[in-house]
Amino acid sequence: MFDTIVNPTSGVPRQRWTTTALSAGGHAVVIVALVVSTIYAADVLPVPHDVITFVSVAPPPPPPPPPAPAVAEPEVPKPAVVRKRAVSQPAPVIAKAPIAAPVEAPDAIAPETGLEGGEFTAPAIEPGFERGVAGGVAGGIIGGFEALPPPPPPVRTAPVRVGGEVSAPKLAYRVEPEYPAIAVNAMMEGTVILEATVDKSGAVKDARVLRSRGILDEPAVRAVEQWRYEPLLLNGQPTPFILTVTVSFSLGR
């Protein structure tokens, strides 16, 4: 017994290597058989149960509310029909003598009535008295006709241009222009044409150069602005006007 404990190999028969190889091969064959049988047994798998689907159905929507009752509109009273009273018209006067020539010759010639030519209506006569007194003309004007004064002439504010039917007023006061010394030394002569605006009293309020002569323009404007004319009367009213003025500069050689 002590020999077995000290030497475990003693007393135990040795296994041959062939036995181990056969055991391993047998296990391998069994494992392969199990795997192959599992693969080929797919047609015998259990059929799964049908899946029952639960679908929730929503309840139908509530019906729409009933329409509001129609409000009866108040009845509008119809306007009363006012019947006009028939106004009696004067009876027409029928002419006795027709316009067309008679077919048969009359036995006697009837006197003319002045109503030949058809149907006439007597004119309406309105009662009234001229100036409110008896014996006036029916339909006359109360107070009669009175001579009215003529309307005043229109007042002109814009100046009128002299020419044509409007003649230039007479020049009442004239100032001669001052000859510039530089123009005298340069022997310069010429004519300056101005357009002058004159007010109601005849005083020149503005002078504008239409044709210039250089240094001679300013003396001409200063002189013309001191001129005075007689007032221009249109319809008896003084009116401003515009006229053309010519100022000549000459050395008088």
(request) Could you look through the range 203-253, keep only residues that are closer than 25 Å to Glu165 by Cα and out of contact with any strand residue (DSSP E or B) (no Cβ under 9 Å at 6 or more places or on another chain), and pick out the one that is surrounded by the most Cβ atoms within 10 Å (Cβ to Cβ)? (result) Gln237
(request) Please name all residue pairs, on different chains or six or more residues apart, with Cβ atoms under 8 Å, provided the first residue is in the range 186-200 and is crowded, with 20+ Cβ neighbours inside 10 Å and the second residue is among the aromatic types (Phe, Trp, Tyr). (result) Val192/Phe249; Ala196/Trp227; Val198/Tyr229; Val198/Phe241
(request) Would you please name the residue that is surrounded by the fewest Cβ atoms within 10 Å (Cβ to Cβ), looking only at residues in the range 168-185 that are touching a strand residue (DSSP E or B) at 6+ places or on another chain (Cβ under 8 Å) and of a type in the set (A, V, I, L, M)? (result) Ala172
(request) Could you tell me whether any residue of the range 174-195 is within 28 Å of Phe241 (Cα to Cα), at pLDDT below 90 and either in a loop (DSSP other than H, G, I, E, B) or out of contact with any helix residue (DSSP H, G or I) (no Cβ under 6 Å at 6 or more places or on another chain) (or both)? (result) no
(message) Show the residue pairs meeting these rules: Cβ distance below 8 Å; 6+ apart or different chains; first residue within the range 164-184 and on the phi < 0 side of the Ramachandran plot; second residue of a type in the set (Ser, Thr, Tyr).
(response) Ala168/Tyr229; Pro169/Tyr229; Lys170/Tyr229; Leu171/Tyr229; Ala172/Tyr229
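Every residue, every condition in (1) at pLDDT below 85; (2) touching an Asp or Glu at 6+ places or on another chain (Cβ under 8 Å); (3) among the polar types (S, T, N, Q), yes or no:
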| position | (1), (2), (3) |
| --- | --- |
| Ala124 | yes, no, no |
| Phe129 | yes, no, no |
| Leu148 | yes, no, no |
| Pro154 | yes, no, no |
| Val204 | no, yes, no |
| Ser212 | no, no, yes |
(message) Residue under question is Ala158, and the condition is that it be surrounded by 15 or more Cβ atoms within 10 Å (Cβ to Cβ) and assigned to a loop (DSSP other than H, G, I, E, B); does it hold?
(response) no
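The values are calculated or read from the model by the stated rules, or taken from the named source; none is laboratory data. Everything quoted here is computed from the prediction, not taken from an experiment. Heads up, the Cβs are rebuilt from the backbone with ideal geometry, glycines too, and the neighbour counts pull from every protein chain shown.
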